[in-house]
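All of the numbers you see were taken from the coordinates with simple rules; none came from a lab. The structure presented is a predicted model; accordingly, all values stated were derived computationally and were not measured. Note that each Cβ is placed from the backbone with ideal geometry, even for glycine, and that neighbours are counted across all protein chains shown.
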């Protein structure tokens, strides 16, 4: 195996790892390599077997046959990776990076985790009863947690949309100001082209194409930067796969191109309506 390098590997090495054991593989954690242990009881004379999450193993530079040692409350437990799994973290199940074979963790302190569904109108009463009878019990309401996360994502989405709209409006204002600042040059350019035989419709088409190309190039560049920033944030900071949707990106590019084209065309309307002789005399 390759040595663990990079910020992501360092985070995995420095953080606390939750360990568990299973006799049978998790139904929604398909094996990508190796095999699940056939003997459900570990032999004390041999290292325990480990099933590792595939991306976790790749980040640490380990694979099938690698030996890993964990320290738990001052005690060490060693295992050999015999299989690699794909974990669907979005399932909100009790997923783990590292799963040991049965018997390997029996001598270590443990925390037991389970989940259950109860009707919302009975949840509070059951929670009070459980806490009264078992003071060390920690109960987590997944519905409340999911609602909070959805509310946070919704607020972030609205804030991002507001900033995106404000940025587009600011860009359009800058474009309109640039067109007005170049009014003198545009008047001369249009007058020369009109003198050489270009019609007003032809000039309008030229300017429309110019602003369409300008807006399209800016939209593609901005979308590319946004995609790169999203990929970096997801892969390096959030540790989640980046799966951008093509339709919103395409819609943003088309909308930005249309707005720039319309704004630029409105900015040169006075230029197109000015007679060539008047433009040449004023310059």
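Points to keep in mind about this one:
- Here the label points at residue 214 and residue 255, each 7 Å from Cα along the C-beta direction, are separated by 2.2 nm in the simple model.
- Label-point gap, in nm, between residue 147 and residue 245 - each point 7 angstrom along Cα→Cβ: 2.5 nm
- Residues residue 164 and residue 137, FRET efficiency given R0 of 41 Å [Cβ-Cβ distance, rounded to 0.05]: 0.35
- Computed FRET value (nearest 0.05) for residue 28 with residue 176, which takes r as the C-beta separation and R₀ as 41 Å: 0.15
- Förster-model FRET efficiency, 25 Å R0, residue 193 and residue 266, C-beta, rounded to 0.05: 0.80
- Among 132-145, 24-37, 256-269, 205-218, the order from most to least packed when residues are scored by Cβ within 10 Å on average: 256-269, 205-218, 24-37, 132-145
- Where labels lie 7 Å past Cα in the beta-carbon direction, separation of residue 127 and residue 226 in nm: 3.8 nm
- Exposure proxy for 129, 114: other Cβ atoms within 10 Å of each Cβ, ordered fewest to most, give 114, 129.
- Net lengthening on full extension, residue 107/residue 93 (0.36 nm per residue, minus Cα-Cα): 2.5 nm
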